[in-house]
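Please treat every number below as a calculation from the coordinates, not as lab data. The structure presented is a predicted model; accordingly, all values stated were derived computationally and were not measured. Every residue, glycine as well, gets a Cβ built from its backbone with ideal geometry; the counts of neighbours run over all protein chains shown.
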Amino acid sequence: MSTYRIQGATGEWEVVIGLEVHAQVTSHAKLFSGASTAFGAEPNTQVSLVDAAMPGMLPVPNAECIRQAVRTGMAIEAQINKYSRFDRKNYFYADLPQGYQISQLYHPIVGEGQLLVDADEKAGIPHDKVIGIERIHIEQDAGKLMHDQHPTMSYVDLNRSGVALMEIVSKPDMTSPAEAGAYVRKLRSILRYVGSCDGNMEEGSMRADVNVSVRRPGDELGTRTETKNVNSVRFVMQVIEYEASRQVDVIENGGTVDQETRLFDPGTGTTRTMRSKEDAHDYRYFPDPDLLPLELEDSFLEACRASLPELPDAKRRRYTDVLGLTEYNARELTAEVETFGRFETLLAETASQIGKSEKDVATQVANWSLSVAPGVIKALGDEADAANATAAAQASILAMQDKGEISGGQAKEIYEIVLRTGREPGEIAETEGLKQLSDTGAIESVIDDVLASNGDKVEEYRGGKDKLFGFFVGQTMKALKGKGNPAVVNQILKDKLG
């Protein structure tokens, strides 16, 4: 597959993309105060004197926020800086009570790292690609302006003021919307595995500033624009597509691209100018005089590293190398924390009920988890009660199927009833007549009748028309009302027709 290009009126253009992802740190309190970070509270009910910038109030760093930033850096194989420092970023905005934001410019807590974006031909990513990460720094969030409460006034909600953010800054290594989308998805997955951010983009706990520029292939970097606060993977990709095309049109029509900050309109899929883009010197950064530098001890770093879980890439390798799953199944099962959590619980329960190793039942459980169970739940819609979908119940169904007591179709029927009623799968199989017939004598009798009624086809089969075997299987299963054990039916037919 060819490299992503924008085709302009005067030739091809290359797109260069960098992302600044703002991830809200998972903590019960804000970065420099004890105020709550719970989402959805009434406006201005989670604001301490520090958050409101009352005179004489001093910030105190939240150790949990520091720990989560370090763990995130370790998860992306980044340099952890034992010495870091907070700086004041000075600018005026109505939802910034202090008149400055406490951030880290010169000495961030996390240095360079990397993230692997996996190849996906369908998505337009032909090869695995390593995206460089320049830094992760910690900073406090601003408040929120609400413009729809009054026709002539805006209201300020300071509940988010002072909430801890990690700003994860990529290098300009991405060259297509697909790569950028995959990068955000992978980064979100890692953050959620680590537990340092819940990744909820709709609630604003993870959002991206999208930096886009265009150039002729191989030329120097062009002038970039930054589109602020994009809150979904799909929107990130739309911003890149629109901005790249817009910039090409501007240049080819004799204009120049302005270095500016832009806003994205999801309704139209377009961006618009917000303000000219400031450089770092415009913010007059200087060390925050109220905060001492952070100096991390080796014991603290060792504890952070020991607390890391098995991460997505390592888990995927274990699923393929140890459990024998396909690459596709391993990738799908490790994409989200909830997905692998349910799978591993069901895998352990199924192996226990069947009495086999996890490797022996892994493919069966994976197919059930990714295909069969979701299909049944989707078909039932509102009738499905998720509370009834226990690992024990699903494992019981898989165990009956493994023993040949029920067919794949019967497994689906039983699961439907489980989801609607919460009844026990074994009881459902017995009382609802959802068990396979494996009695060889009964099956042999039915097969004898089928063969006797189709003598001409028996002769044709024995004369070389092997495809007729499926006809005999179908007729037998029809006579058994679909309850015959396919393996037993097939074996007896082979014996009799042989």
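Taking only the alpha-carbon atoms of segment 69-156, what semi-axes of the equivalent ellipsoid follow from 5 times the gyration tensor eigenvalues under a square root, in whole Å, largest first?
They are 35, 23, 9 Å, listed from largest to smallest.
From zero up to wherever the largest Cα-Cα distance of segment 322-363 sits, split into 5 Å bins and tell me the percent of pairs in each.
Computed distribution, short to long bins: 5, 25, 30, 25, 12, 3.
How long are the three semi-axes of the equivalent ellipsoid for segment 6-302, computed from the Cα gyration tensor as the root of 5 times each eigenvalue, in whole Å, largest first?
32, 24, 18
Of all the C-alpha pairs in segment 197-253, what % are more than 17 Å from each other?
Summing the P(r) tail past 17 Å for segment 197-253 gives 44 percent.
To two decimal places, what compactness ratio does segment 369-468 give when its Cα radius of gyration is scaled by 2.2 N^0.38 Å?
Dividing the Cα Rg of segment 369-468 by 2.2 N^0.38 Å gives 1.46.
What lysines could a cross-link reach from residue 122, if we take a straight Cα to Cα line under 18 Å and drop same-chain neighbours fewer than 8 places away?
Result set, ordered by chain and number: 186.
Can you check how the C-alpha radius of gyration of segment 100-214 compares to 2.2 N^0.38 Å, as a plain ratio?
Dividing the Cα radius of gyration by 2.2 N^0.38 Å gives 1.27.
When only Cα pairs under 8 Å and 6 or more residues apart are kept, what is the percent relative contact order across the chain?
It comes to 13 percent, rounded to a whole number.
Grab the eigenvalues of the alpha-carbon gyration tensor for segment 423-498, scale each by 5, take roots, and send me the semi-axes largest first in whole angstrom.
Working through the eigenvalues yields semi-axes of 28, 10, 10 Å.
Kindly put 477, 54, 206 in sequence by how many other C-beta atoms sit within 10 Å of each C-beta, fewest to most.
Ascending Cβ contact count within 10 Å gives the list 54, 477, 206.
Please give the peptides 465-471, 33-39 ranked by average Cβ packing (other Cβ atoms within 10 Å per residue), highest first, as a rough proxy for protection.
Taking the mean over residues of other Cβ atoms within 10 Å, the ranking is 33-39, 465-471.
If the viscosity is 0.890 mPa s and the temperature 25 °C, what Stokes-Einstein diffusion coefficient in µm²/s follows for segment 228-274 when Rh is the Kirkwood radius over Cα pairs?
219
Can you give me the three principal axis dimensions of segment 312-431 from its C-alpha atoms, in Å, biggest first?
43, 31, 20
What number, rounded to the nearest 500 deg cm²/dmol, is the helix-based mean residue ellipticity at 222 nm of the chain, given -39500 (n - 2.57) per DSSP H run of at least four residues and division by all its residues?
-12000 deg cm²/dmol
Just to check, using Stokes-Einstein with a Kirkwood Rh over alpha carbon pairs, what's the diffusion coefficient of the chain at 20 °C and 1.002 mPa s in µm²/s?
The Stokes-Einstein estimate is 79 µm²/s.
With unit charges on the beta carbon (Lys/Arg positive, Asp/Glu negative), name the residue among 250, 328, 239 whose Cα is farthest towards the positive pole of the charge dipole of the chain.
So the residue we want is 328.
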